[in-house]
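Below is one structure; the comments refer to it alone.
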């Protein structure tokens with residue numbers, strides 16, 4: 001684990017969804033502030049930050065985001081329709097917002113601290129029943145949604161992948177993102193899957 005605190009400045013994109021590290025998030029951009037942001041990120045090969053909206057909406061006045069989000073890096077784009085930019089992003093490090101600013105074009109920017117992940121550890125034996133379900137989902141969805149590498153031996157990666165696909169309220173997804181304990185995240189997910197009788201496979 002990296003013990004050095006990393007503080008960086010990022011443009012923010014508050015959304016009605018949660019991005020997890022290594023997750024794939026396609027976006028359709030049409031507001032000038034976000035078109036400009038994406039163009040700048042692609043030109044300079046720099047990321048932006050995605051945070052779940054706590055108050056407000058995706059369009060119009062700047063929304064109030066949750067403090068914990070994830071870095072988003074643009075890995076693909078298409079502008080086949082005038083005025084619309086379709087981008088594909090890949091989740092990077094989690095971060096916590098320290099300061100947030102609203103620019104004249106209503107784009108938000110923030111100074112954030114990047115959050116360390118725990119050392120790689122395997123899925124605990126008591127929670128191994130989650131793996132067949134995730135493996136089946138990954139195989140069915142394909143690499144467009146779950147690009148390589150697939151780290152089924154990493155409790156953090158497994159927890160993030162399950163957290164992003166569970167049919168749960170977005171605020172619950174946000175709480176799973178905020179957890180620093182990978183095993184605790186998996187235990188919560190395991191309890192949900194067990195309660196809804198999903199551990200034997202997809203219904």
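One table, with the values for the structure above:
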quantity	calculated
One residue from 127, 131 being buried (at least 16 other Cβ atoms within 10 Å of the Cβ) and either within 15 Å of the chain's Cα centre (by Cα) or modelled with pLDDT of 95 or more (or both)	127
Which numbered condition residue 119 fails, given (1) under 16 Å from residue 21 (Cα atoms); (2) modelled with pLDDT of 95 or more; (3) surrounded by fewer than 13 Cβ atoms within 10 Å (Cβ to Cβ)	(2)
Check on residue 141, touching a helix residue (DSSP H, G or I) at 6+ places or on another chain (Cβ under 9 Å) and within 18 Å of residue 191 (Cβ to Cβ)	no
Unique match (being in the same structural domain as residue 64 (by TED's automatic domain parsing), at negative phi and either without any contact (Cβ under 8 Å) to a residue 40 or more places away in the chain or surrounded by 19 or more Cβ atoms within 10 Å (Cβ to Cβ) (or both)) among 104, 182, 109	104
Spans of helices (runs of 4 or more DSSP H) in segment 77-184 with at least 3 residues under 30 Å from residue 32 (Cβ atoms)	170-178
First in segment 43-61 and on the phi > 0 side of the Ramachandran plot, second anywhere and part of a strand (DSSP E or B) and surrounded by 15 or more Cβ atoms within 10 Å (Cβ to Cβ), Cβ under 8 Å, 6 or more apart	56/14
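Per-residue answers, yes or no, for (1) assigned to a helix (DSSP H, G or I); (2) within 22 Å of residue 117 (Cβ to Cβ); (3) at pLDDT 95 or above; (4) within 20 Å of the chain's Cα centre (by Cα):
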position	(1), (2), (3), (4)
2	no, yes, no, no
11	no, no, yes, yes
26	no, no, yes, yes
46	no, yes, yes, yes
49	no, yes, yes, yes
52	no, yes, yes, yes
58	no, no, no, yes
72	no, yes, yes, yes
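The values are calculated or read from the model by the stated rules, or taken from the named source; none is laboratory data. If you're wondering where the values come from, they're calculated on a predicted model, not measured in any experiment. No Cβ is skipped: glycine too gets one built from the backbone with ideal geometry, and neighbour counts run over all protein chains shown.
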